[in-house]
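Report on one structure; see the data block that follows.
The values are calculated or read from the model by the stated rules, or taken from the named source; none is laboratory data. The shown structure was predicted, so the numbers you read here are calculated from the model rather than taken from an experiment. Here the Cβ positions follow ideal geometry from the backbone for every residue, glycine too, while neighbour counts run over all protein chains shown.
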Amino acid sequence: MDIGEIDLKWLGHAGFLIENSIPPAYTNEVREPAKTGSDKSSKKISAKGKVIYIDPYNIREGLPKADLILITHSHYDHCSVSDMQKIVRDGTKIICPADCQSKITRFDVPIKIEIVEPNEEIDLGDVKICTLRSYNTDKHFHPKEEGWLGYLIKLNGVFIYHAGDSDVIPEMQKLTGYKQLGKDFVALLPVGGRFTMNAEEAYEAAKMIKPTLAIPMHWGSIVGTKDDAEEFKELCEENNIRVEILEKE
């Protein structure tokens, strides 16, 4: 679907493809010190950022090659080497938590890997990314101690939040300020339950985050059904939160 100057596609499960037009500006990698009173470090990384994937899993052949791949955590349905093989090209950058590195084996073309932790800011010129925490509060599948990730992406005036495999967590409260007049703020939220939030919990997250658009994910493969997505949509729209259920690309 088109959101401003961005084309956002759901690839099934927790996977997304984001395409936009960014001028081919490149910078050398520079690590900047954290600002006073902040636990965030900042980086500038050499990358185009024109074609961005998040957690590609069970994707079809023939999709565009990636400039950037964001991986939330090391579980097979999020860090899928066989799926990344379909979209990497010479120079693709993969951003991921540390425990993914050992899974990402050699590809047929040279790629770059950037290891990140929560609360980092990555400056790619026209694309800016914040790494956020993603974890379970009452389940053992995604412990907070693992340092697994959600991502906040800003490009072409659009903010896109991918929650990763998360429950409703206090850190989501910090996202409420991204709903700005005239700006799109999209929240990609898991609704399938068991390993993540269910539909009702995702609705509670959406109420907290206050996006201009919410899109359910983590359903239709492995866990969750379209009924979960529909329940999420119904709950949200009863409270004036816009929801779109995307068809798998």
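Of the residues that sit in the stretch 202-243 and are surrounded by fewer than 21 Cβ atoms within 10 Å (Cβ to Cβ) and assigned to a strand (DSSP E or B), which one is modelled with the highest pLDDT?
L213
Which of the residues spanning the stretch 186-201 are modelled with pLDDT of 95 or more and aromatic (F, W, Y)?
none
May I ask you to verify whether A229 is under 19 Å from V168 (Cα atoms) and touching a Cys at 6+ places or on another chain (Cβ under 7 Å)?
So A229 does not fit the description; no.
Does at least one position in the stretch 184-201 carry a residue that is over 18 Å from the mean Cα position of the chain (by Cα), surrounded by 24 or more Cβ atoms within 10 Å (Cβ to Cβ) and farther than 20 Å from N119 by Cα?
yes
Consider the stretch 93-136. How many of its residues are surrounded by fewer than 18 Cβ atoms within 10 Å (Cβ to Cβ), at pLDDT 90 or above and in contact with a helix residue (DSSP H, G or I) (Cβ under 8 Å, 6 or more places away or on another chain)?
3
Condition first: in contact (Cβ under 8 Å) with a residue 24 or more places away in the chain, more than 17 Å from V116 (Cβ to Cβ) and surrounded by 15 or more Cβ atoms within 10 Å (Cβ to Cβ). Now tell me which residues in the stretch 76-90 satisfy that.
Listed by number, the residues that qualify are D77, S80, D83, K86, I87, R89.
Which residue out of G157, G147 is within 18 Å of I18 (Cβ to Cβ), modelled with pLDDT under 95 and not hydroxyl-bearing (S, T, Y)?
Residue meeting the stated conditions: G157.
Check E171, E145 and return the single one that is more than 22 Å from D77 (Cα to Cα), out of contact with any Gly (no Cβ under 8 Å at 6 or more places or on another chain) and surrounded by fewer than 19 Cβ atoms within 10 Å (Cβ to Cβ).
After applying the criteria, what remains is E171.
State which residue pairs qualify: first residue farther than 22 Å from H218 by Cα and inside the stretch 57-75, second residue surrounded by fewer than 24 Cβ atoms within 10 Å (Cβ to Cβ) and charged (D, E, K, R) in any location, beta carbons under 6 Å apart, and separation of 6 or more residues or different chains.
These pairs meet every condition: K65/R89; D67/K48; D67/K50.
Given the structure, is Y161 under 15 Å from the mean Cα position of the chain (by Cα) and either among the hydrophobic types (A, V, I, L, M, F, W, C) or at negative phi (or both)?
For Y161, the condition - under 15 Å from the mean Cα position of the chain (by Cα) and either among the hydrophobic types (A, V, I, L, M, F, W, C) or at negative phi (or both) - is met.
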